[in-house]
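Since the structure comes first, as structure tokens, the remarks are kept for the end.
The values are calculated or read from the model by the stated rules, or taken from the named source; none is laboratory data. Please read these numbers as outputs of a predicted model, since none were measured by experiment. Neighbour counts run over all protein chains shown; Cβ positions are idealised from the backbone, glycine included. Please note that ligands, DNA and RNA were not included when accessible areas were found on the heavy atoms of the full protein model with its side chains. Shrake-Rupley method; radii C 1.70, N 1.55, O 1.52, S 1.80 Å.
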Amino acid sequence: MSASNETESAQPQGQAIIQDRIIQRQHTVSIAGQTINYTVSTGTFVLKRASTKSGENAGEFEGDKPKAEFFFIAYTRDDVDIRQRPITFSFNGGPGSSSVWLHLGVLGPRRVDMVDTEVTKPPYCLLDNNYSLLDQSDLVFIDPVGTGYSRPVPGEKSTAFHSLKEDIASVAEFIHLYCSRHGRWASPKFLAGESYGTTRAAGLAEHLQERHGMYLNGLMLISSVLDFSTLRFASNNDLPHILYLPTFSATAWYHQKLSPAWQERPLRELLDEVEAFAIGEYATALMKGSSLSSAEQEQIAERLAAYTGLSLAYVQHCNLRPEIMRFTKELLRSERRTVGRLDSRFKAKDRDSAGMTFEFDPSMAAIMGPYTACFNHYVREELGYESDFPYEIISMDVNKGWRWESDNQYVDVAEKLRKSMNLNPHLKVHVANGYFDLATPHLATEYTFNHLMLDPGLQDNISMSYYEAGHMMYVHQPSLEALKQELSRFIAEAL
């Protein structure tokens, strides 16, 4: 490691001095037997807005006014021509989540050492990531305003950034600024998003094209949600009940709650049958509502109980419509255990077993401590970036205050993606799905992409992969290895 260097750029005279702050260090990592020398840049860009004068000179241009500090960590390979070198901009979801999960879970050159479905004992440690994408692409991890170390400047309200539209615009502005300052306009460009980050990625693909004329080579969508009608359980929306059923079944299979005949079958074989039932007989039954005959109701209830590991009585009591939060509590109630939402392989114990929903998500509880501790150590000790502000791993203030601007509709950016692919027929999309993901179930993702109404000639631009893990499938070592192979293949084919 060489000595670090730090650069700052001040604001125009007369304005508050809010500066870019970038620290650079050189590192080396081995990926698949290949030694990669790289520079890591850690710090903030100041985003600005054009301001105008008031009073007698109202309407005249005054200057650039700072509006937010965007924190990022960028990894660039040292021995390559950046004009030909791909670059990937990465972020997570929430929408109040920092970029830490994809950063220290799968893409970056360092990763958190975890014990898969067990609670890892502190203190935690980082490992060199032999599965990083740095051998394929430079990487820029972005924390949207209100997450990580990204903050609005004094006098600016954080809520101004916390909507679907403004979030996309501000992240796009950062990407535009980064490419302009670092000479990356000629580089092949990718976005990698997880969870709500996939919503952001689809919106960005359209916004970057229309606002900045920036066309992308590919999107890597990890645990995708583009159409929120597929996930939002409500009395007037039967769709999630249909689309969650295979993941309920996969969860019951994992925890040995199915009958021996089902339990002995390979997971994928089981899911083929459950998915056919879900979009066939089950969907028809739910559409019938109260007109469903008693005989049909009994038949559907028996199939549901067999596929989910829930009792026949429970399925009947919930009107053939078990929903996610009740399922996570009910499946292992007899063992006084709950299962995870982000990853239903995880389980934990509540104060009592009589409640309707779990007290906490066992999978989130297991990953929060290791990732938080490792990042705070990493950014200070290895990257040399100091800040007294707390690094907002997940900001509940952002989550609770988010303005969805959906006009009394479910948020849906799938149409933005379809339009982007029509405008740029070279745009490739890869979607990674976890079979034990109860946050963004795989059948919901398939449903969304099957309803894009793409021209048949563009269908081959979309590929999907599946893993026997959850929302963050990379915490499972075999899935991490497989995901690396898929993303490497995707980047190569997109180029």
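Return only the number of the condition from (1) closer than 26 Å to Val475 by Cα; (2) outside any helix (DSSP H, G or I) that Tyr244 does not satisfy.
(2)
Any residue at all in the range 123-144 that is under 16 Å from Ala201 (Cβ atoms), of a type outside the set (Phe, Trp, Tyr) and part of a helix (DSSP H, G or I)?
Among the residues of the range 123-144, not one is under 16 Å from Ala201 (Cβ atoms), of a type outside the set (Phe, Trp, Tyr) and part of a helix (DSSP H, G or I), which makes the answer no.
Does the range 363-383 hold any residues that are under 18 Å from Ala74 (Cβ atoms) and either within 22 Å of the chain's Cα centre (by Cα) or crowded, with 18+ Cβ neighbours inside 10 Å (or both), and which are they?
Phe375, Tyr378, Val379, Leu383
Across the range 215-228, what is the total count of residues that are hydroxyl-bearing (Ser, Thr, Tyr) and open to solvent by 20 Å² or more (accessible area, probe 1.4 Å)?
1
Confirm whether Leu126 is under 19 Å from the mean Cα position of the chain (by Cα) and either aliphatic (A, V, I, L, M) or open to solvent by 10 Å² or more (accessible area, probe 1.4 Å) (or both).
No, not satisfied.
Just checking, how many residues over the range 460-470 are closer than 24 Å to Pro246 by Cα, surrounded by fewer than 17 Cβ atoms within 10 Å (Cβ to Cβ) and out of contact with any Ser or Thr (no Cβ under 8 Å at 6 or more places or on another chain)?
Number of matching residues: 1.
Among Arg321, Arg345, which is the only one that is in a loop (DSSP other than H, G, I, E, B) and open to solvent by 30 Å² or more (accessible area, probe 1.4 Å)?
Every option except Arg321 fails the conditions.
Matching residues to (1) open to solvent by 80 Å² or more (accessible area, probe 1.4 Å); (2) touching a residue at least 40 places away in the same chain (Cβ under 8 Å); (3) not hydrophobic (A, V, I, L, M, F, W, C):
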position	(1), (2), (3)
Phe389	yes, yes, no
Glu392	no, yes, yes
Val398	no, yes, no
Arg403	yes, yes, yes
Val413	no, yes, no
Arg418	no, no, yes
Pro425	no, no, yes
Val431	no, yes, no
Pro441	no, yes, yes
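Does any residue in the range 451-479 that is within 18 Å of Val413 (Cα to Cα) come within less than 7 Å, Cβ to Cβ, of a residue that is acidic (Asp, Glu) and open to solvent by less than 10 Å² (accessible area, probe 1.4 Å) six or more places away or on a different chain, and which pairs are these?
Here the result reads none, with nothing in the range 451-479 linked to a residue that is acidic (Asp, Glu) and open to solvent by less than 10 Å² (accessible area, probe 1.4 Å).
Which one of these is touching a helix residue (DSSP H, G or I) at 6+ places or on another chain (Cβ under 8 Å) and part of a helix (DSSP H, G or I): Ser223, Ser187, Ser229?
Going through Ser223, Ser187, Ser229 in turn, the sole match is Ser229.
Starting from the range 209-220, take each residue that is within 15 Å of Ser170 (Cα to Cα) and in a helix (DSSP H, G or I) and list its partners that are of a type outside the set (Phe, Trp, Tyr) and open to solvent by 50 Å² or more (accessible area, probe 1.4 Å), counting only C-beta distances under 6 angstrom and pairs at least six apart or across chains.
Gln209/Leu423; His212/His176
Taking the range 156-177 as the search range and keeping residues that are touching a Lys or Arg at 6+ places or on another chain (Cβ under 7 Å) and farther than 17 Å from Gly94 by Cα, which one is surrounded by the fewest Cβ atoms within 10 Å (Cβ to Cβ)?
Restricting to residues being touching a Lys or Arg at 6+ places or on another chain (Cβ under 7 Å) and farther than 17 Å from Gly94 by Cα, the top hit is Glu156.
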